[in-house]
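> I'd like to ask some things about the structure below.
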């Protein structure tokens, strides 16, 4: 009796286990089916594997390729067009310049103006063909400006060092001065050179006349003396 009850209990347990396994399997299948609803498998056919590549290739086949000769013709035409445009612009500029030059009145040659000297001028000294002349004097900015001309009509060139220029007033006092534009050398049979001798007006109080003395350098063979230059204000 004990053996029969044991077998009976074992069979009941096996039946319960099988039933529980069947129920769990069924439930798992149902849940998996519900989760996979709407999911489709990819198309594995080789003809539809690369649709985009076909579209790209079809688009590429649709592009028209130009021949080398046509490209060269287009480039040549563009270059010629630019060249013609540049030539036309150049011609227009030349025409405008020609018109403007025609419209401009012809310039008259400068008139020769005769120099009007102040009373008592020029005061000139000459020695061995070399001329030293004071053409005019004027006061400006606290200085006395003496315009001087120099010329060498001799056969030898003459050099000067203007630190040797001596200037004295009518009372025998020595005056300091500076020079501008006077040549360091006068060439033989040369042109006339102009320059300026500058004397501060502070040194010319109660002075009516001054004298200038200049020798060549370094020989000091000739002496130019310009006497009694009027400097009254």
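Each reported figure results from applying straightforward, stated rules to the coordinates on display, with no laboratory input. As the structure is a prediction and not an experimental result, all values here were calculated from the model. As a convention, Cβ positions derive from the backbone with ideal geometry for all residues, glycine included, and neighbour counts pool all protein chains shown.
> Could you state, as a whole-number percent, how many of the C-alpha pairs of region 123-228 are farther apart than 15 Å?
61
> Could you check the simple spin-label distance between residue 22 and residue 35, using points 7 Å along Cα→Cβ, in nm with one decimal?
Result: 2.5 nm between the two label points.
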